[in-house]
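Since every read-out is calculated from the coordinates, none of them should be taken as a lab result. It should be emphasised that the depicted structure is a prediction, and the values quoted were computed from it without experimental measurement. Please note: Cβ atoms are built from the backbone with ideal geometry, for glycine as well, and neighbour counts cover all protein chains shown.
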Amino acid sequence: MIDWLDDNFHFGDAAAKIKDDDLSFLDNGILNSLGFVAMIVHLEDTFRIRIERKSLTRENFDSMRKILDYVLSRKEWKGFP
């Protein structure tokens, strides 16, 4: 995820900006609303999961830890690519 953020939004600074796994992406300027949508598409493609519209909440996707917890909870997820 850090690599994707570096490649698409922060040009090598993502790790420095994300100081811990619970840091809010939206509150701390890591992603804006369009970046959030791009991240969801990336997660679906990378992990071969379908993210339902009702799941698109800050509670599921607003930090590294929340993203990891969400992906690991998906039944169709088969492991890291």
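With +1 on each Lys and Arg Cβ and -1 on each Asp and Glu Cβ, and nothing else charged, work out how big the dipole of the chain is about its Cα centre, in Debye to the nearest 20. Intermediate results must be reported in sequence, preceding the final value.
Numbers: 12 positive and 15 negative charges, 85 e Å.
Dipole magnitude for the chain comes out near 400 debye.
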query = So what's the angle, to the nearest 10 degrees on a 0 to 90 scale, between helix 33-47 and the longest Cα principal axis of the chain?
reply = 50 degrees
key: Cβ-based net charge around HIS10, under 15 Å, with every Lys or Arg adding one and every Asp or Glu removing one   = -2
task = Compute the acute angle (0 to 90°) between the alpha-carbon long axis of helix 64-73 and the principal axis of greatest extent of the alpha-carbon atoms of the chain; round to the nearest 10°.
result = 10 degrees
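Classify the chain from the C-alpha gyration tensor, please: rounded if a/c falls under 1.5, else prolate or oblate depending on whether a/b exceeds b/c. Numbers along the way, then the final one.
Values: a/c = 1.65, a/b = 1.47, b/c = 1.12.
Since a/c reaches 1.5 and a/b is larger than b/c, the shape of the chain is classed as prolate.
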ask   = So what is the relative contact order for the chain, in percent, with contacts set as C-alpha pairs under 8 Å and at least six apart?
value = 28 percent
key: Residue among LYS17, LYS54, LYS66 with the largest mean-square fluctuation in a Gaussian network model of the chain, springs linking Cα atoms under 10 Å   = LYS54
